[in-house]
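The values are calculated or read from the model by the stated rules, or taken from the named source; none is laboratory data. Computed from a predicted model, the values in this text were never measured in an experiment. Because the Cβ atoms are built from the backbone with ideal geometry, glycine has one as well, and the counts that use them run over all protein chains shown.
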Amino acid sequence: MEPGKIVASVPGSGVFDTADDNVLPVVSNVPPVFELNPLTPAINIVAPPSRAEQVMNALLKSHPKRIKDIANTDGDWAVELNGKWFFYAEGKILPQNLLPQAGSFNPQPFYNYPKEMPAWKRPDKQEAERLSRLTILRRGGGGQARSQFFYDELWGIHNRADAWEQVKTIRFLDKSILVHHAVLEELALIELQIKREARTNKLVRQWLDGIGSISAWNWRNIADTQSTSNHAYGIAVDIQPKNIRGLETYWLWTSQKREDWWNVPYSARYQPPVAVIKIFESYGFIWGGKWAFYDTMHFEYRPEILALNNIEMTGKY
Ligand SMILES: [Zn+2]
């Protein structure tokens, strides 16, 4: 790059998408937008990576056994998986032959995920209106389906029969569950760490003793939508307590009782101990309780989301 040449500081480039319905109203992870002081000569200002580049790098880093390469071709970023190239296409991650039909799909949510839960704050009027609009959209079938070609290929599951070949039954926290074979090691280590933690952490001990049921693989879409749930890939786990003590767990169930489901403070939502959430995250699982559309019993294997938000996976193998 020529010294003194400003390559780009496009407002919004490199800033997290806001269209994703799971985005929490948190801005702490947003990289700073360049502010140029007109009095200082700008020297070697490097453009922040585009969202496409950030996502592709996160995928490459998070799935090293499956993803071998990424490249910038024809002005878009692409990722190679099983010898096929998938283009970012504004978050739709599409194979080349489907690029002309990109308009028929919704993007995959590559969202803002906070390392720590922010303090509870009642959504302001604008945020409440946004959530209300999205609720109506979800209830109406969620619009068109998310583009799932990339994730189908990543997990090797295109239909129910494929899924049966990829999932295995394991014992996890003393329950039998069906999960994708690719996350067996992570779940075994998560269990080991949780049980270790429970020896000295009373909250974790009580949480373990209070587990009612655990479910994982299930051939289904996300409730009320046409999009594949990560339960269908066997990479999501729901841990339900025996006694919910009147707490809320899932926005959709809460919304059947009260329209403003988003106004339920964190203290009135069920949540596993922070130590448990951290152990899951340290092995690449995100917790659904950090979503704006909360699902507090849900964990899913999305190491790319953690990588994208600069959260280190510190779990030891
Ligand atoms: Zn779930």
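So the values come out like this:
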| read-out | value |
| --- | --- |
| Subset of segment 268-286 that is farther than 22 Å from Ala128 by Cα and within 14 Å of the ligand (Cβ to nearest atom) - its residue that is nearest to the chain's Cα centre (by Cα) | Ile286 |
| The one condition in (1) within 16 Å of the ligand (Cβ to nearest atom); (2) out of contact with any Leu (no Cβ under 8 Å at 6 or more places or on another chain) that Asn263 fails to fulfil | (1) |
| Residue within segment 171-192 that is polar (S, T, N, Q), out of contact with any Gly (no Cβ under 6 Å at 6 or more places or on another chain) and either within 16 Å of the ligand (Cβ to nearest atom) or part of a helix (DSSP H, G or I) (or both) present | no |
| Given (1) surrounded by fewer than 20 Cβ atoms within 10 Å (Cβ to Cβ); (2) more than 22 Å from Val183 (Cα to Cα); (3) in contact with a helix residue (DSSP H, G or I) (Cβ under 8 Å, 6 or more places away or on another chain), index of the condition Ala292 fails | (1) |
| Number of positions in segment 54-65 that are in a helix (DSSP H, G or I) and either of a type in the set (S, T, N, Q) or crowded, with 17+ Cβ neighbours inside 10 Å (or both) | 8 |
| Yes/no for Arg138 being modelled with pLDDT under 95 and touching a strand residue (DSSP E or B) at 6+ places or on another chain (Cβ under 7 Å) | no |
| Test: residue in segment 198-213 that is in contact with a Phe, Trp or Tyr (Cβ under 7 Å, 6 or more places away or on another chain) and within 13 Å of the ligand (Cβ to nearest atom) | no |
| Sole exception among (1) within 16 Å of the ligand (Cβ to nearest atom); (2) closer than 28 Å to Met313 by Cα; (3) surrounded by fewer than 20 Cβ atoms within 10 Å (Cβ to Cβ); (4) of a type in the set (A, V, I, L, M, F, W, C) for Ile235, by number | (3) |
